[in-house]
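A short worksheet on the structure shown next.
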Amino acid sequence: YGTGLLVFHVFCDNKTPPVPDHLRGPASEALILEFIASCAASFGGDALNVYVCGVKAWHTVHGLPWHTDKIRLKTALMAATKLTPDSSK
C-alpha cells in the first residue's frame, strides 16, 4: 500500500508542472492511466497492479471517489504487463 502511494506521489511531483495535491485525490482517470503508462517500462506488471491497488485503497480510506473505469484500468494494467522489462520478470 505505502510503496504504491509513494511511487504515485513521486510521479505526480516529477510531472511538469507537478500535479497539485487537490488533483491527486480524487485522482482523475487520465492521471491514473498516465501513471500506469509512465511506470510500465520500469516496474513489473504485478508490482504496478499492487501500486494501483494502493492508490485506490488510499482513495477508499479517505472517502474519495475512484473515477477510473474498471475496463480501462484492466486494459492499461494488461498492457503494462506486456511491457514488463525482462529484468523485472
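Taking the criterion of being open to solvent by 20 Å² or more (accessible area, probe 1.4 Å) and either touching a Cys at 6+ places or on another chain (Cβ under 7 Å) or free of Cβ contacts under 8 Å to residues at least 24 places away in the same chain (or both), the residues of segment 12-33 that qualify are ASP13, ASN14, LYS15, THR16, PRO17, PRO18, PRO20, ASP21, HIS22, LEU23, ALA30.
For GLY54, indicate whether it is modelled with pLDDT of 95 or more and open to solvent by less than 20 Å² (accessible area, probe 1.4 Å). In short, yes.
Residue count for segment 57-68 satisfying the condition of being loosely packed, with under 13 Cβ neighbours inside 10 Å and in contact (Cβ under 8 Å) with a residue 24 or more places away in the chain: 2.
Being within 13 Å of the chain's Cα centre (by Cα) and open to solvent by 80 Å² or more (accessible area, probe 1.4 Å): is that true of LYS74 here? Yes: the conditions hold for LYS74. If the condition is being open to solvent by 40 Å² or more (accessible area, probe 1.4 Å) and touching a Phe, Trp or Tyr at 6+ places or on another chain (Cβ under 8 Å), then segment 1-11 contributes TYR1, THR3.
The values are calculated or read from the model by the stated rules, or taken from the named source; none is laboratory data. None of the values given here were measured: they were computed from a predicted structure. Neighbour counts are summed over all protein chains in view; Cβ atoms, including those assigned to glycine, are modelled from backbone coordinates with ideal geometry. Accessible surface is based on the protein model in full, side chains and every heavy atom, while ligands, DNA and RNA are left aside. Shrake-Rupley method; radii C 1.70, N 1.55, O 1.52, S 1.80 Å.
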